[in-house]
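Since the structure comes first, as structure tokens, the remarks are kept for the end.
The values are calculated or read from the model by the stated rules, or taken from the named source; none is laboratory data. Everything numeric in this text was worked out from a predicted model, so none of it was measured. Positions of Cβ are generated from backbone atoms using ideal geometry, with glycine treated the same way; all protein chains shown enter the neighbour counts. Protein only, heavy atoms only, side chains kept; ligands, DNA and RNA dropped before computing areas. Shrake-Rupley method; radii C 1.70, N 1.55, O 1.52, S 1.80 Å.
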Amino acid sequence: AALADAVVPVDPRPASPEELQAVHDAAYLARLARVCAEGGGALDPDTVIGPRSYEAAVLGAGGALVLVEALEAGRAEVGLLAARPPGHHATADQAMGFCLINHVAVVAAHLRRRGERVAVVDWDVHHGNGTQAIFWDDPGVLYCSTHQDPLYPGSGGLAETGGPHAPGATVNVPLPPGATGDVVLRAFDEVIGPAVAEFGPTWVLVSAGFDAHRADPLADLQLSAGDFAELGRRVRELAPRPGRLLLVLEGGYDLDALRLSIGATLASALGEPYRPERPTSGGPGAEAVRAAAARHAELASERRPRLIP
């Protein structure tokens, strides 16, 4: 993407117990550390850890917090946490879907403690059930997701719109297998973009999974790196100002597609033209976007104050 001169490397630090426990149960974290210290093992059929997995996950969460500090110091306009394991499936007390610690949730909780309003945009092909659950009833965190449905982990339906104190603060746009980039972009333009604008965030965090790429082996959406370039431009426009946009790597399991998609996303988020693949179009899903738009327009109408004549 010819961005070498623009890249500012940032060294991570381990997240502190207090920073992790703002999101995860202490007993769960202790179990992760213990299993790794004993050599690792399977936490569930999908999630297997080794001796240093917990160390890597803690550095990932701390690295995301270091990126917040670097952005606030004006060192860059956009941050990227290029870390694995991913995080958005991890709940407060359970590892799932390769995820141990929910990095984007750790950052959102950190920002919320300071009084920030945080929008989390998740374009991973799998629904970020962990992030949704952690902030389900927090009106200061808006969670928006496009994802394939049906697919693991089975959550993210239209009816999932937030808890009693946060109605409408969860926005899900489930899309059918075969959906192409034009459908995902329509979901951003007609559902997610308006929701974020109405919410008025002071920070935008992106759960940037790239397994919606057509080459990825784990799912059936049909996006290209060119589509991710367009998504990068859109989240740049959603951020309130430069230095308030952080992308956190989630899924993406074809390494060539991952490389091209990250380059295209970052270039576009910085206002640079880089389209290594053509955008895609013509797939199904327009009706799913219309249904999501109608659902969230209804919720927005219910939230407006009523005038009594």
Review point. Which one, (1) 30, 57, 13, 0; (2) 30, 51, 16, 2; (3) 36, 59, 5, 0, gives P(r) over Cα pairs in 20 Å bins from 0, in percent as derived from the coordinates shown?
Key: (3)
Review point. Taking springs between alpha-carbon atoms closer than 10 angstrom, which of Ala169, Ala269, Ala286 fluctuates most in the Gaussian network model of the chain?
Key: Ala286
Study note, to complete from the structure: Note to self: with every protein chain in place and a 1.4 Å probe, segment 101-222 gives an accessible area per residue in Å² of 29 Å²
Review point. Is segment 126-172 rounded, prolate or oblate when judged by the Cα gyration tensor, a ≥ b ≥ c being the square roots of its eigenvalues, rounded requiring a/c under 1.5 and prolate requiring a/b larger than b/c?
Key: prolate
Practice item. Please name which of Ala197, Leu221, Asn129 has its Cα lying farthest along the dipole of the chain towards the positive end, using unit charges on Cβ (Lys, Arg +1; Asp, Glu -1) and the Cα centre as origin. Key: Ala197
Review point. In what order, largest first, do Leu260, Leu175, Leu270 sit by accessible area if the probe radius is 1.4 Å?
Key: Leu270, Leu260, Leu175
Revision key, fill the gap. Largest fluctuation, Val141, Val66, Val107 only, Gaussian network model of the chain with Cα springs under 10 angstrom, belongs to Val66
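Roughly to the nearest percent, how much of the accessible area of segment 49-139 is carbon and sulfur, given a 1.4 Å probe? Mind dumping the intermediate values first?
Working: 1530 of 2920 Å².
Carbon plus sulfur share of accessible area: 52 percent.
At a 1.4 Å probe, what is the % contribution of carbon and sulfur to the accessible area of segment 168-309?
On the way: 3200 of 5880 Å².
Accessible surface attributable to carbon and sulfur in segment 168-309 totals 54 percent.
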Exercise for review: Write down the radius of gyration of segment 1-82 and its Dmax, each obtained from C-alpha positions, in Å.
Suggested key: 15.6, 45
Point to revise | Gaussian network model of the chain, Cα within-10 Å springs - most flexible of Pro167, Pro176, Pro217 | key: Pro217
Revision key, fill the gap. With a Förster distance of 25 angstrom and the Cβ-Cβ distance between Arg114 and Ala82, calculated FRET efficiency to the nearest 0.05 equals 0.50
Point to revise | Farthest toward positive dipole pole in the chain [+1 Lys/Arg, -1 Asp/Glu at C-beta], among Pro139, Ser268, Cys36 | key: Pro139
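Which shape class, rounded, prolate or oblate, goes with segment 154-267 when its Cα gyration tensor gives a ≥ b ≥ c as root eigenvalues, a/c under 1.5 marks rounded, and past that a/b bigger than b/c marks prolate? Walk me through the numbers on the way to the answer.
On the way: a/c = 1.92, a/b = 1.27, b/c = 1.51.
In terms of gyration-tensor shape, oblate.
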